[in-house]
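Novice: First the structure, which I've put down as structure tokens, then a few questions once you've had a look.
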2 protein chains.
Amino acid sequence: MVAEERNIAADVLKAMAHPVRLGVIEVLASGEKTVTELYEELGCSQSMMSQQLKILCQQKLVAIRKDGTQKYCSLSNRDFLKLFDCMHAHLRQFLNFRD
Amino acid sequence: MVAEERNIAADVLKAMAHPVRLGVIEVLASGEKTVTELYEELGCSQSMMSQQLKILCQQKLVAIRKDGTQKYCSLSNRDFLKLFDCMHAHLRQFLNFRD
DNA sequence: GCTAAATATAAAAATATAATAATACCTAAT
DNA sequence: ATTAGGTATTATTATATTTTTATATTTAGC
């Protein structure tokens, strides 16, 4: 990776590096959801969700389609779901996190 | 992932979400390096490198062993190297980044 | 046109991160 | 004991992120 790629990659990772935004990615792994479904499921405010979704969309991690008065969110790049497996292993193996 | 796991995972991702720290991980993919080798190769100050290494160590992404007056850094968890492949694809496919 | 539901934006305060410069700490060798 | 090389820490300033609250926008249905 050249320096400029690393800058952009850092922005993408930063977009994932937040509990709510990670939650969004995880929930969307099982399919499309509306904004309301997301903030209810993740227990945060509507405003918070709207702002966090914007960040995820900017980095093209999430895509949104409009239908009437609602917006449906889905994952743009399911490839990053691999991260959750790595992360689970890391939490357990290196950060001694157990259920 | 439960909420608390997401908090910790966010911290791990945050540790990776920085151009210098991504650079460190990438350079260490090819093997152990001293602190000096790292900051020379990545073109940043010694102080900066020391601080960034501390963050990577805290999240157990990098391990350090001491030998005399030098410190040798290596990757604790090579599993996250997968990220670079995902990221390359993402940069090209979604963020229209070309060489 | 009015209303209500769904979503977005703005503003502000609190907190965190980034970057630099200066200084301190270790350790091996003399 | 001093020195020099390698690394860490601290302090500071600038900038960015997070979170909350209030308000605005959009659209469907009446």
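Novice: Return yes when residue B:33 is crowded, with 17+ Cβ neighbours inside 10 Å, in contact with a Ser or Thr (Cβ under 9 Å, 6 or more places away or on another chain) and not aromatic (Phe, Trp, Tyr) and no when it is not.
Specialist: yes
Novice: Just to be sure, is residue B:6 within 12 Å of DNA strand D (Cβ to nearest atom), at pLDDT 95 or above, under 23 Å from residue A:84 (Cβ atoms) and in a helix (DSSP H, G or I)?
Specialist: On the way: within 12 Å of DNA strand D (Cβ to nearest atom): yes; at pLDDT 95 or above: yes; under 23 Å from residue A:84 (Cβ atoms): yes; in a helix (DSSP H, G or I): yes.
For residue B:6, the condition - within 12 Å of DNA strand D (Cβ to nearest atom), at pLDDT 95 or above, under 23 Å from residue A:84 (Cβ atoms) and in a helix (DSSP H, G or I) - is met.
Novice: So is residue B:66 basic (Lys, Arg) and in contact with a Leu (Cβ under 9 Å, 6 or more places away or on another chain) or not? Full working, then the answer.
Specialist: Values: basic (Lys, Arg): yes; in contact with a Leu (Cβ under 9 Å, 6 or more places away or on another chain): no.
It is false that residue B:66 is basic (Lys, Arg) and in contact with a Leu (Cβ under 9 Å, 6 or more places away or on another chain).
Novice: Evaluate the following for residue B:83: is it crowded, with 19+ Cβ neighbours inside 10 Å, hydrophobic (A, V, I, L, M, F, W, C), under 12 Å from the mean Cα position of the chain (by Cα) and within 14 Å of another protein chain (Cβ to nearest Cβ)? Let's see the steps before the verdict.
Specialist: Numbers: crowded, with 19+ Cβ neighbours inside 10 Å: yes; hydrophobic (A, V, I, L, M, F, W, C): yes; under 12 Å from the mean Cα position of the chain (by Cα): yes; within 14 Å of another protein chain (Cβ to nearest Cβ): yes.
Answer is yes for this residue.
Novice: A follow-up question, please. Residues to consider are A:70, A:59; find the one that is over 13 Å from the mean Cα position of the chain (by Cα) and either within 9 Å of chain B (Cβ to nearest Cβ) or farther than 15 Å from residue B:7 by Cα (or both). Steps first, please.
Specialist: Working: A:59 fails: over 13 Å from the mean Cα position of the chain (by Cα).
Testing whether each residue is over 13 Å from the mean Cα position of the chain (by Cα) and either within 9 Å of chain B (Cβ to nearest Cβ) or farther than 15 Å from residue B:7 by Cα (or both) leaves just A:70.
Novice: On to the next question. Every residue in the range B:37-57 that is surrounded by 20 or more Cβ atoms within 10 Å (Cβ to Cβ) and more than 9 Å from DNA strand D (Cβ to nearest atom), please. Walk me through it before giving the result.
Specialist: Residues of the range B:37-57 that are surrounded by 20 or more Cβ atoms within 10 Å (Cβ to Cβ), as a first pass: B:38-39, B:42, B:49, B:52-53, B:56.
Once the filter is applied, which keeps residues that are surrounded by 20 or more Cβ atoms within 10 Å (Cβ to Cβ) and more than 9 Å from DNA strand D (Cβ to nearest atom), the range B:37-57 yields B:42, B:52, B:56.
Novice: With the condition kept exactly as written, say whether any residue in the range B:42-57 is under 27 Å from residue A:81 (Cα atoms) and small (Gly, Ala, Ser). Before you say what the answer is, go through the steps one by one.
Specialist: Filtering the range B:42-57 for residues under 27 Å from residue A:81 (Cα atoms) gives B:52-53, B:55-57.
Within this subset, residues satisfying the condition of being small (Gly, Ala, Ser) are none.
No - not one qualifying residue is present in the range B:42-57.
Novice: I need a count of the residues in the range B:1-28 that are of a type in the set (S, T, N, Q) and either more than 7 Å from every other protein chain (Cβ to nearest Cβ) or touching a residue at least 12 places away in the same chain (Cβ under 8 Å) (or both). If you could, list the steps in order and put the result at the bottom.
Specialist: Restricting attention to the range B:1-28, the residues satisfying the condition of being of a type in the set (S, T, N, Q) are B:7.
Pick out the ones that are also either more than 7 Å from every other protein chain (Cβ to nearest Cβ) or touching a residue at least 12 places away in the same chain (Cβ under 8 Å) (or both) and you get none.
Adding up the residues that qualify gives 0.
Conditions tested, residue by residue: (1) modelled with pLDDT under 95; (2) touching a Phe, Trp or Tyr at 6+ places or on another chain (Cβ under 9 Å); (3) in a helix (DSSP H, G or I).
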| residue | (1), (2), (3) |
| --- | --- |
| B:11 | no, no, yes |
| B:22 | no, yes, yes |
| B:25 | no, yes, yes |
| B:41 | no, no, yes |
| B:54 | no, no, yes |
| B:60 | no, yes, no |
| B:86 | no, yes, yes |
| B:91 | no, yes, yes |
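Novice: Name the residue that is nearest to DNA strand D (Cβ to nearest atom), counting only residues in the range B:63-84 that are outside any strand (DSSP E or B) and more than 17 Å from residue A:88 (Cβ to Cβ). Spell out how you get there, then give the answer.
Specialist: Kept after step one, since they are outside any strand (DSSP E or B), are these residues of the range B:63-84: B:68-69, B:76-84.
Cutting the leftovers down to more than 17 Å from residue A:88 (Cβ to Cβ) gives us B:68-69, B:84.
Values: B:68: 8, B:69: 4, B:84: 21 Å.
Across the range B:63-84, the extreme among qualifying residues is B:69.
Novice: Within the range A:33-76, can you find the residues that are in contact (Cβ under 8 Å) with a residue 24 or more places away in the chain and of a type in the set (A, V, I, L, M)?
Specialist: Going residue by residue through the range A:33-76, those that are in contact (Cβ under 8 Å) with a residue 24 or more places away in the chain are A:33-36, A:38, A:44, A:48-49, A:52-53, A:55-56, A:58-59, A:61-62, A:70-75.
Hits for the range A:33-76 are A:35, A:38, A:48, A:49, A:53, A:55, A:56, A:61, A:62, A:75.
Novice: Please count how many residues of the range A:27-37 are more than 8 Å from DNA strand C (Cβ to nearest atom) and part of a helix (DSSP H, G or I). So that I can check it myself, show each step before the final result.
Specialist: Our first condition is that a residue be more than 8 Å from DNA strand C (Cβ to nearest atom); within the range A:27-37, this holds for A:27-33.
Next cut, part of a helix (DSSP H, G or I) only: A:27-28.
Within the range A:27-37, residues that are more than 8 Å from DNA strand C (Cβ to nearest atom) and part of a helix (DSSP H, G or I) number 2.
Novice: Name, by its number, the condition in (1) within 11 Å of DNA strand D (Cβ to nearest atom); (2) surrounded by 14 or more Cβ atoms within 10 Å (Cβ to Cβ) that does not hold for residue A:60.
Specialist: So residue A:60 meets the others, but not (1).
The values are calculated or read from the model by the stated rules, or taken from the named source; none is laboratory data. The shown structure was predicted, so the numbers you read here are calculated from the model rather than taken from an experiment. Don't worry about glycine lacking a Cβ; one is built from the backbone with ideal geometry, like all the others, and counts go over all protein chains shown.
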